[in-house]
Amino acid sequence: MDGYGTSMPKRFLLCVGISAIALGCVLPGWSADENAAGYGIGKAATDEEIRAWNIDVSSTGEGLPPGQGTAKQGTQVFAEKCAACHGPTGTEGPKDRLVGGRNTLTTQKPIRTIGSYWPYATTLYDYINRAMPFYAPQSLSPDEIYSVVAWLLFQNQIIAQDIVIDAQTLPKIQMPNRDGFIPDPRPDVQ
Amino acid sequence: MHDAPNEIDRRRFLKRSASVIAFGATTFALPVAKAQESSTPSDDPMRVPGSLPRPYGERSPFEKQQRLGGAGPGAPHGWGTNTPNNFNSGTPIQDLHGIVTPSALHFERHHNGVPAIDPDHHRLLIHGLVNRPLIFTVKELQRLPSVSRIAFLECSGNTWDGWRDAQDVTVQDLYGLMSTSEWTGVKLSTLLETVGVRREATWMLAEGSDAAGLDRSVPLTEDVLNEAMICYGQNGEALRPEQGYPLRLFLPGFEGNINVKWLRRLKLGSAPFMTRWETAKYTELLPDGKAYQFTLVMEAKSVITYPSGQQQIQPGVHEISGLAWSGRGRVTKVEVSVDGGRTWQGARLQEPVLPKCHTRFGLPWRWNGQEAILQSRCVDETGYSQPTRQDLVKVRGTNSVYHYNAIQSWRIEPNGRIRNIYA
């Protein structure tokens, strides 16, 4: 998983360099940087503006906000906000099954859940925060999200019920299928 | 020679004037209204004035092609229950000509509906590992040098039913999650030069402003830097709302999902962000329980669109017609078999043949009324050949969901009925 794009920066710089040369023909004597400024288009983003827009959470936990929750606290959040679509225990549906499915990935009917398939626990925060609940996205508080993430991890037997999930603990959770992914090796069929 | 038509025109004019006079000034609009309705067919269109110009055109009322609603692998297609479960719609490729998909028939896939966005309020933020984080309006982006490109867009879930037992369905059911448009916008590289990308930036998060906040990590490879576009135009007009109005990312040849619609933010980083759509979804589970990740390129694929699933044909001459495409470049060869792959003939490639674009192919054929199995296979400019289903399944198993690109087989039964089969 560490092999992604390690050779890219050089190629990237080369590309920018070529573009700069191409632009240089149009605007002689300007460096790439000055060219860019030369368009004079776009407004400088303030730190405050970036903070408001910057909602993603990376796999290392960058972007996780203050707040915390436990599986116990998450029980009620899940029942109220999630169970209608995912079932009382996260297994019944009708929408995506969230719990269980361990040791099914090699069978004819694999069950891909948070516990059996998702490689990073941080993705739970990123996704729930931006997209759930489906009928009212971005309506949960950080404490509610941490709590429901803890409940999902507990139900999948990844953490104990009393573990506090927050910006420090979430990125350290080792997901069962963390090493289940391989970078695109195609073409693989001939 | 000139008297007769003039006489007809004069009589029509008088008749029309008379009706205006008879009904008075308040009904002055009546003849115009009648003319506009005259798309109703007449027995002899040469003897009735045609309809007047109108602000925004529509197709002939005789043309009924529609997108086909869908709810995911294995779910029945159709518009019967248009609920949040109906999360995609497929292009009627069996009815289209040439390579360009009319914007109104472009396939749809969205993850919590189509947002309603006022372009004057929409902004694109570019930040992260950059020297100058900037916010752009749509109008500002349209002032930058623009590029246009005709290219296909295919959902990596297109033909997902190919991983299951063969169903008796249409080519629209199986292959409808793909379309081709002329896309217009500004090159990603132009914007990256403007913000000044730092050398440690190797990945970029793209985020939409829909109710799913769909986010994907894009590797900053040479191909991406050369070809990626931030689009505002589709087939000469603004993007359709279903296609990301007012802004979308377009990565020629890459799976549909990463071409983030309603684009609001690009964040440069030094590693993939591992979003839900590139981990839990859009990864391909293999027989050994491992899964491919970041399988972004759509590999070469082709399909015969006529004759195709559930159609009925008569003995005689038919031009076999279809589409071939590759996310790695141009299609260089398409071959057609009418005997289930025992013998192959080269098909004619119809110009234009563009890289990372649908290419129309054709082969005239006489059907003799006996059972036939029609197949097409293509090769792209990298030398990659579209695989048989058997070869594909041997490597990937049947749990992949995404990126099914095997040779398609249509069986023509002796009564002329056509069925989707695996041969």
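Here each label is just a point 7 Å from Cα along the line to Cβ, and for residue B:198 and residue B:95 those points are 5.3 nm apart. Looking at the protein assembly as shown, the DSSP beta bridges with both ends there are about 90 percent antiparallel.
Across region B:127-199, the relative contact order, built from alpha-carbon pairs under 8 Å that are at least six residues apart, equals 50 percent.
Set against the 2.2 N^0.38 Å expectation for a compact globular protein, region B:196-348 has a Cα radius of gyration ratio of 1.33. Enter the Cα centre distance for the pair region A:166-181 and region B:225-301, rounded to the nearest angstrom. Measuring centre to centre over Cα atoms gives 25 Å.
Projecting the Cα atoms of B:180, B:112, B:297 onto the charge dipole of chain B, computed from C-beta unit charges around the Cα centre, puts B:112 farthest toward the positive end.
The alpha carbon radius of gyration of chain B, expressed as a multiple of 2.2 N^0.38 Å, is 1.15.
Each other residue within a Cβ distance under 13 Å of residue B:397 adds +1 if Lys or Arg and -1 if Asp or Glu, for a net charge of +2. Computed over neighbours whose Cβ is under 15 Å from that of residue B:320, the net charge equals +2, Lys and Arg +1, Asp and Glu -1. A compact globular protein would have a Cα radius of gyration near 2.2 N^0.38 Å; the ratio found for region B:266-423 is 1.20. Structural descriptor for chain B: relative contact order 14 percent, calculated from alpha carbon pairs under 8 angstrom and at least 6 residues apart.
Ordered by the number of other Cβ atoms lying within 10 Å of each residue's own Cβ, fewest first, B:403, B:77 fall into the sequence B:77, B:403. When B:224, B:379 are sorted by how many other C-beta atoms sit within 10 angstrom of their C-beta, beginning with the fewest, the order is B:379, B:224. Charge tally around residue B:388: other residues with Cβ under 11 Å, Lys/Arg +1 each, Asp/Glu -1 each, net +2. Helical content alone sets the calculated 222 nm signal of chain B at -4000 deg cm²/dmol, taking -39,500 (n - 2.57) per DSSP H segment of four or more residues and averaging over every residue.
Evaluated at q = 0.07, 0.08, 0.11, 0.12 Å⁻¹, a Debye calculation over the C-alpha positions of the protein assembly as shown (equal weights, vacuum) places log10 I(q)/I(0) at -0.51, -0.66, -1.12, -1.27. Shown here is the pair-distance distribution of region A:35-190: with all Cα-Cα distances grouped in 10 Å bins from zero up to the longest one, the shares run 10, 34, 30, 14, 8, 3 percent. With contacts taken as Cα pairs under 8 Å at a separation of at least 6 residues, region B:99-282 carries a relative contact order of 29 percent.
The numbers here are math on the coordinates, done by the rules we state, and not lab data. Computed from a prediction, not measured in an experiment: that's the story for all the values here. With ideal geometry, Cβ positions are generated from the backbone for all residues, glycine too; neighbour counts draw on all protein chains shown.
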